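Asker: Dumping the structure here so I can ask a few things about it.
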C-alpha cells in the first residue's frame, strides 16, 4: 500500500472530508487532496504526525509508508536483491540439511539424540534451551516431519548456538548408532 492510499483510507474510516481533516491539522484541503492523489510526495514526519493526530490514529503506518516512499530507488533495489539472495541461501541450506540429516536419522536414535543434547547443554543460551524444549516436546511421529521440524527450530538459532547444537547432535547420533555427515554453516 502506498502512503496516498493509506491516508485516504484512514481519512475515510474516520468519516472526515478532506476539508475537515485539513482544518484539524492546520493544512489546506488542496494539499490533502494532492497527498491522497499521490501528486505530492509524502510529507515530513512532523506533518504525518499532525495528520495522524487529527485522525486519532497511531502514526506508525503512515510514517513507515512515507519513509519507504522517500528511499531512493537504487537503495530499494539493493535491499530487494539482498532479500532475494538471503531467501535463496536459506533454501539451499535447508536442502543441504535435508541431504545430510535425512528423515531416516530420526527413526532410531532421535530420542537418544535429544537426551544427549539436553544432558550436554550445560549453561547454554536461553535460545538453545527453548530449541531443545520445543524439540523434546515435539508431537511429530513421522520421521520426515520430525526432520523438517528440527530444521525449522534450528533456523531460529544464532550461528554459534546452531553449530553447538549440531555438534552435540552429531555426538548423540554416533552414540545411538546413527551416522551424521558434517553439517555446513547455515544462515
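The values are calculated or read from the model by the stated rules, or taken from the named source; none is laboratory data. None of these values were measured; they are calculated from a predicted model. Cβ sites come from the backbone with ideal geometry, for glycine too, and all protein chains shown count toward neighbours.
Asker: State which residue is modelled with the lowest pLDDT when the search covers only the stretch 128-157 and only residues that are more than 14 Å from residue 94 (Cα to Cα), in contact with a helix residue (DSSP H, G or I) (Cβ under 7 Å, 6 or more places away or on another chain) and loosely packed, with under 15 Cβ neighbours inside 10 Å.
Answerer: Among those that are more than 14 Å from residue 94 (Cα to Cα), in contact with a helix residue (DSSP H, G or I) (Cβ under 7 Å, 6 or more places away or on another chain) and loosely packed, with under 15 Cβ neighbours inside 10 Å, it is 136.
Residue by residue, here is whether (1) surrounded by 14 or more Cβ atoms within 10 Å (Cβ to Cβ); (2) out of contact with any strand residue (DSSP E or B) (no Cβ under 8 Å at 6 or more places or on another chain); (3) outside any helix (DSSP H, G or I) holds:
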{"residue": "32", "(1), (2), (3)": "yes, yes, no"}
{"residue": "35", "(1), (2), (3)": "yes, yes, no"}
{"residue": "43", "(1), (2), (3)": "yes, yes, yes"}
{"residue": "51", "(1), (2), (3)": "yes, yes, no"}
{"residue": "54", "(1), (2), (3)": "yes, yes, no"}
{"residue": "57", "(1), (2), (3)": "yes, yes, yes"}
{"residue": "61", "(1), (2), (3)": "yes, yes, no"}
{"residue": "64", "(1), (2), (3)": "no, yes, no"}
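Asker: Going through 96, 86 one at a time, which residue ends up being at pLDDT below 95, over 20 Å from residue 150 (Cβ atoms) and surrounded by 11 or more Cβ atoms within 10 Å (Cβ to Cβ)?
Answerer: Being at pLDDT below 95, over 20 Å from residue 150 (Cβ atoms) and surrounded by 11 or more Cβ atoms within 10 Å (Cβ to Cβ) holds for just one of 96, 86, which is 86.
Asker: Taking residue 12 as meeting all but one of (1) surrounded by 14 or more Cβ atoms within 10 Å (Cβ to Cβ); (2) at pLDDT 95 or above; (3) assigned to a helix (DSSP H, G or I), write down the number of the exception.
Answerer: Residue 12 satisfies all of (1) surrounded by 14 or more Cβ atoms within 10 Å (Cβ to Cβ); (2) at pLDDT 95 or above; (3) assigned to a helix (DSSP H, G or I) except (1).
Asker: When only residues in the stretch 165-187 that are at pLDDT 70 or above and in contact with a helix residue (DSSP H, G or I) (Cβ under 7 Å, 6 or more places away or on another chain) count, which is farthest from residue 89 (Cα to Cα)?
Answerer: Ranking the candidates gives 168 first.
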